[in-house]
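Trainee: Pasting a structure here, questions to come.
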Amino acid sequence: QVQLVESGGGLVQAGDSLRLSCAASGRTLSNYAMGWFRQAPGKDREFVAVIASNPDVKNYVDSVKGRFTISRDNAKNTVYLQMNSLKPEDTAVYYCAASVRYSRDYTAYNIWGQGTQVTVSS
């Protein structure tokens with residue numbers, strides 16, 4: 001049974017940076033696509049970024065392009081989300097997830113972490 005555990009969230013000011021980590025245990029995820037999603041109060045879960053098993057293949061939602069970077073370290077079985085120039089609208093619970101398909105659609109993901117809160121104050 002694979003488990004994903006996110007960390008690195010917190011309360012920051014607009015313009016600050018955070019790096020989220022998603023550590024997997026129980027199984028190697030090197031053959032999985034890994035995605036980051038977020039959900040703000042009262043809103044639907046939103047795609048943020050995805051990285052394929054090939055770490056050179058990535059995709060981002062338009063609102064974070066140029067500010068967020070997704071990466072993976074297969075040796076550590078960990079995926080990262082570097083978030084720079086944070087904005088109040090980035091405030092949400094951030095989830096990492098694993099899928100056998102490279103997809104922006106959260107329904108393609110069947111392994112999820114518990115989430116980590118990111119709050120950006122103005």
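Trainee: Being open to solvent by 50 Å² or more (accessible area, probe 1.4 Å) and closer than 17 Å to Pro88 by Cα is the filter here, so list the residues in segment 1-13 that pass it.
Mentor: Within segment 1-13, Leu11, Gln13 qualify.
Trainee: Right, next: What is the one condition in (1) out of contact with any helix residue (DSSP H, G or I) (no Cβ under 8 Å at 6 or more places or on another chain); (2) closer than 19 Å to Gly9 by Cβ that Ala52 does not satisfy?
Mentor: Of the numbered conditions (1) out of contact with any helix residue (DSSP H, G or I) (no Cβ under 8 Å at 6 or more places or on another chain); (2) closer than 19 Å to Gly9 by Cβ, the odd one out for Ala52 is (2).
Trainee: Residues that are closer than 18 Å to Ser71 by Cα, at least 2 per element: which strands (runs of 3 or more DSSP E) completely within segment 1-58 meet that? I'd like the intermediate steps shown before the answer.
Mentor: Working: elements: 3-7, 10-13, 18-25, 33-39, 46-51.
Per the criteria, 3-7, 18-25, 33-39, 46-51.
Trainee: Next question, about the same structure. Just to be sure I understand, how many residues within segment 66-81 are buried (at least 16 other Cβ atoms within 10 Å of the Cβ) and in contact with a Lys or Arg (Cβ under 9 Å, 6 or more places away or on another chain)?
Mentor: Going residue by residue through segment 66-81, those that are buried (at least 16 other Cβ atoms within 10 Å of the Cβ) are 68-70, 72, 77-81.
Of the ones still in play, those that are also in contact with a Lys or Arg (Cβ under 9 Å, 6 or more places away or on another chain) are 69-70, 77-81.
So the answer is 7.
Trainee: In segment 103-122, how many residues are over 19 Å from Asn54 (Cβ atoms), surrounded by fewer than 18 Cβ atoms within 10 Å (Cβ to Cβ) and of a type in the set (Ser, Thr, Tyr)?
Mentor: 5
Trainee: Can you name every residue in segment 86-102 that is closer than 24 Å to Gly42 by Cα and surrounded by fewer than 17 Cβ atoms within 10 Å (Cβ to Cβ)?
Mentor: Lys87, Pro88, Glu89 - these are the residues of segment 86-102 that are closer than 24 Å to Gly42 by Cα and surrounded by fewer than 17 Cβ atoms within 10 Å (Cβ to Cβ).
Trainee: Could you list, in sequence order, the residues of segment 23-65 that are farther than 16 Å from Ala97 by Cα, within 15 Å of the chain's Cα centre (by Cα) and either open to solvent by 70 Å² or more (accessible area, probe 1.4 Å) or not β-branched (Val, Ile, Thr) (or both)?
Mentor: Scanning segment 23-65 gives Ala40, Asp62, Ser63, Lys65.
The values are calculated or read from the model by the stated rules, or taken from the named source; none is laboratory data. Please read all numbers here as calculations on a predicted model, not as lab measurements. A quick note on method: Cβ atoms are made from the backbone with ideal geometry, for glycine too, and the neighbour counts reach across all protein chains shown. SASA here: full protein model, heavy atoms, side chains in, ligands and nucleic acids out. Shrake-Rupley method; radii C 1.70, N 1.55, O 1.52, S 1.80 Å.
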